[in-house]
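Shown next, in structure tokens, is the structure this report addresses.
What follows is calculated from the coordinates using simple rules that are stated; it is not laboratory data. Owing to the predicted nature of the structure, the values given are computational and were not obtained by experimental measurement. Methodologically, a virtual Cβ is constructed for each residue, glycine included, from the backbone with ideal geometry; neighbour enumeration extends over all protein chains shown.
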């Protein structure tokens, strides 16, 4: 099968390959894929801490996330807020992660530059 792209014909079968999908299981326990921790120290000595955990559920190949944010983080007394996130695809995970990183950067610039 050929596809026409612009003025050129592309031989799809020559370049295409089948994606190998994991075998679907009845177990819907999520597996941790990535984990990120962001910490910034404010001028008043308090520490902002954010932790993002990305998990994949192999039963339906969906992605889940947990975000924990603590604006006055202490190892001995964690009292931040957490939320659960559901992503349909890994692309949405990447877009969301970039958004969080940009917000962290804006917060850092606001606290330290101004």
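All distinct Cα pairs of region 24-113 go into the 1/r average, and the inverse of that average, the Kirkwood radius, is 14.4 Å.
Relative to the current alpha-carbon distance between residue 76 and residue 57, full extension at 0.36 nm per residue lengthens the span by 3.7 nm.
Go ahead and run the numbers for FRET between residue 11 and residue 98, Cβ-Cβ distance against an R0 of 35 Å, rounding to 0.05. Working from the Cβ atoms, E equals 0.50.
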